[in-house]
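Okay, so here's the structure we're looking at.
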Amino acid sequence: MKHLLSTTDLSRGDAILILDTAEEMAAVGEREVKKLPALRGRTVVNLFFEDSTRTRISFEAAAKRLSADVINFAAKGSSVSKGESLKDTAQTLEAMSADAVVIRHWASGAPARLASSDWIDAAVINAGDGTHEHPTQALLDAFTLRRHWAALAGTSPGGSDLRGMSVAIVGDVLHSRVARSNLWLLKTLGADVTLVAPPTLLPVGVDSWPCRVNYNLDEVLQSGPDAVMMLRLQGERMNAAFFPSTREYSRRWGFDDARLATLDAAGGRSTVIMHPGPMNRGLEISSAAADSPRSTILAQVRNGVSVRMAVLYLLLSGDSSGEPGRIPTPILQENPA
Amino acid sequence: MIVPTVQSGQMASRVVLTDADIERVLTRIAHEILEANKGTEDLVLLGIPRRGFPLAQRLAHRIAQTDSSVDPSSIVGQLDVTMFRDDLRRHPTRPPGPTQLPPSGIDNKVVVLVDDVLYSGRTIRAALDAIVDLGRPRIVRLAVLVDRGHRELPIRADHVGKNLPTSSAEKVRVRIGEVDSMDGRPVNEVVIEGPA
């Protein structure tokens with residue numbers, strides 16, 4: 001694996017390796033010295049053509065904790081606003097010998113274009129492209145879910161998957177790369193996924209996806225899912241009338257105080273409420289729900305750093321050059337003493 | 001003309017430590033550690049995964065047998081050194097292992113690093129770096145089951161189970177029952193494999 005472009009590329013083994021590595025990375029965050037020397041001398045470029053708070057900061061923190069050098073690049077205030085193409089930007093980064101490029105772009109497929117081109121030799125990590133994928137978000141959600149699932153079973157999360165878990169993904173599925181990445185990854189890890197959305201906010205061809213679709217949030221909540229993942233209503237991508245009013249959307253598909261009360265009254269089952277952020281409080285999720293003990297929203301942000309450390313480490317630490325001079329002596333392999 | 005047939009890949013292997021030998025060696029090392037430390041005070045055993053950790057547990061168990069006030073699980077931990085290696089870029093990616101310190105930590109303790117084979121010394125260099133990031137022990141010592149020579153760094157062990165003069169073409173395989181099994185049964189042995 002040289003790039004991380006999509007969760008469809010990840011096998012069950014790959015996904016569990018990343019999550020297990022992230023568990024070890026999480027332990028580093030609790031130490032006195034929260035830094036590892038593993039990527040010393042490597043350069044990670046954050047190439048952001050679209051606004052982002054937590055993803056960019058999270059990648060920056062992850063790279064710095066692994067001792068890599070970080071260059072932040074935002075399209076605003078760069079030569080992109082003068083009309084520089086992706087190719088020229090990429091070649092500039094190549095000339096500065098970047099080892100990894102973390103890219104967020106408004107166009108679906110931009111990271112794949114970068115990875116398949118010969119413009120740049122670096123590892124490409126997709127940090128969200130258009131309405132296509134956001135794989136590290138899905139990995140941190142899976143990490144959070146796996147910890148919750150293991151805590152319920154009273155086991156340690158290491159090596160396990162999400163078999164038997166039921167997850168509802170609720171809201172603006174049409175514009176959501178988070179929903180797509182999560183669906184493929186959760187499926188690979190054995191979870192059962194239900195999409196809940198107004199029919200207008202589901203993409204064409206959703207019936208061929210490996211999940212169930214329900215238009216009624218209350219019905220799904222009654223079935224007692226183990227996790228409810230609320231999606232942000234992506235106003236900036238909406239160019240048509242998808243629902244009559246935000247108030248109606250909020251009443252039918254928002255996680256409001258009444259739904260939280262119903263869930264609490266049903267008791268017993270420890271359903272968690274997730275949100276990838278940034279939240280529209282009072283629209284798809286109420287403040288009471290976002291700040292309730294069921295909410296994993298801040299844990300998701302915290303876990304994001306560990307998961308991104310794991311991805312950077314696994315993509316950048318090994319020898320991928322294949323130069324004959326770099327082949328280790330066989331004895332060293334047997335006894336790494 | 002007669003050409004001697006060379007079967008490439010054929011390895012001769014000989015057992016240098018049996019299960020019982022390993023038991024005896026560990027008992028001796030446990031007593032050496034107690035002697036050097038003049039007791040169990042401030043003692044912490046840190047095993048380097050994978051095989052150093054079960055060895056450290058066995059040593060802790062023996063130390064607890066001599067001093068009933070010691071709980072073996074409270075003095076043993078494991079220290080993963082993957083992220084601190086100097087050869088990360090020369091090998092395929094290695095997933096990191098777990099690091100677990102005993103509840104009392106390692107500050108001002110006497111830390112004994114435990115590993116199965118001492119060879120180039122690079123693992124121990126990485127371990128010393130890893131320790132610095134976790135705390136500041138009073139003393140760090142090193143105990144190994146086998147020292148096979150060929151050091152590449154100025155590092156030596158304080159407690160050695162067996163010195164094995166080897167050629168660098170040979171392989172030393174340590175099998176520890178907690179980690180290794182053969183035909184479904186746990187194995188404890190140290191084997192030298194070399195070109196026949």
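Kindly provide the set of residues from segment B:151-167 that are open to solvent by less than 80 Å² (accessible area, probe 1.4 Å) and either in a strand (DSSP E or B) or touching a Ser or Thr at 6+ places or on another chain (Cβ under 8 Å) (or both), ordered by number.
Correct list: B:151, B:153, B:159, B:160, B:161, B:162.
Which condition number in (1) in the same structural domain as residue A:39 (by TED's automatic domain parsing); (2) modelled with pLDDT under 95; (3) not hydrophobic (A, V, I, L, M, F, W, C) is the one that residue A:155 fails?
Going through (1) in the same structural domain as residue A:39 (by TED's automatic domain parsing); (2) modelled with pLDDT under 95; (3) not hydrophobic (A, V, I, L, M, F, W, C) one by one, residue A:155 breaks only (1).
Listed residues B:177, B:184; which is without any contact (Cβ under 8 Å) to a residue 24 or more places away in the chain and not aliphatic (A, V, I, L, M)?
B:184
Can you go through A:24, A:30, A:94, A:60 and tell me which one is touching a Phe, Trp or Tyr at 6+ places or on another chain (Cβ under 7 Å) and among the acidic types (Asp, Glu)?
Testing whether each residue is touching a Phe, Trp or Tyr at 6+ places or on another chain (Cβ under 7 Å) and among the acidic types (Asp, Glu) leaves just A:94.
In the same structural domain as residue A:152 (by TED's automatic domain parsing) and within 26 Å of the chain's Cα centre (by Cα): does that describe residue A:305?
no
Please specify each residue of segment A:239-280 satisfying the condition of being exposed (fewer than 12 other Cβ atoms within 10 Å of the Cβ) and outside any helix (DSSP H, G or I).
If the condition is that a residue be exposed (fewer than 12 other Cβ atoms within 10 Å of the Cβ) and outside any helix (DSSP H, G or I), then A:239, A:240, A:241, A:244, A:245, A:267, A:268, A:269, A:278 are the ones that fit.
Which ones in segment B:120-129 are within 9 Å of another protein chain (Cβ to nearest Cβ) and either outside any helix (DSSP H, G or I) or touching an Asp or Glu at 6+ places or on another chain (Cβ under 9 Å) (or both)?
Selection gives B:120, B:121, B:122, B:123, B:124.
Would segment A:273-293 turn up any residue that is within 25 Å of residue A:54 (Cα to Cα) and β-branched (Val, Ile, Thr)?
Yes - at least one qualifying residue is present in segment A:273-293.
Right, residue A:80: among the β-branched types (Val, Ile, Thr), open to solvent by less than 50 Å² (accessible area, probe 1.4 Å) and in a strand (DSSP E or B) or not?
no
Which of the residues spanning segment B:78-119 are more than 9 Å from chain A (Cβ to nearest Cβ) and of a type in the set (A, V, I, L, M, F, W, C)?
B:79, B:81, B:101, B:106, B:110, B:111, B:112, B:113, B:114
Residue by residue through segment A:14-47, note down the ones that are open to solvent by less than 10 Å² (accessible area, probe 1.4 Å) and either part of a loop (DSSP other than H, G, I, E, B) or more than 21 Å from residue A:189 (Cα to Cα) (or both).
Matches in segment A:14-47: A:28, A:36, A:39, A:44, A:45, A:46, A:47.
Scan segment B:23-40 and give yes if some residue there is of a type outside the set (Lys, Arg), within 14 Å of chain A (Cβ to nearest Cβ) and outside any helix (DSSP H, G or I), otherwise no.
no
Can you tell me which of (1) surrounded by fewer than 24 Cβ atoms within 10 Å (Cβ to Cβ); (2) at pLDDT below 50 is the one residue A:337 doesn't meet?
Against the list (1) surrounded by fewer than 24 Cβ atoms within 10 Å (Cβ to Cβ); (2) at pLDDT below 50, residue A:337 comes up short only on (1).
Pairs, please: C-beta under 6 Å, at least 6 apart or cross-chain, first residue basic (Lys, Arg) and in segment B:75-97, second open to solvent by less than 10 Å² (accessible area, probe 1.4 Å)?
Listed pairs, sorted by first residue: B:85/B:126.
The values are calculated or read from the model by the stated rules, or taken from the named source; none is laboratory data. On a predicted model such as this, the values are computed, not experimentally measured, just so you know. Note that each Cβ is placed from the backbone with ideal geometry, even for glycine, and that neighbours are counted across all protein chains shown. These area figures cover heavy atoms from the full protein model, side chains too; ligands, DNA and RNA do not enter into them. Shrake-Rupley method; radii C 1.70, N 1.55, O 1.52, S 1.80 Å.
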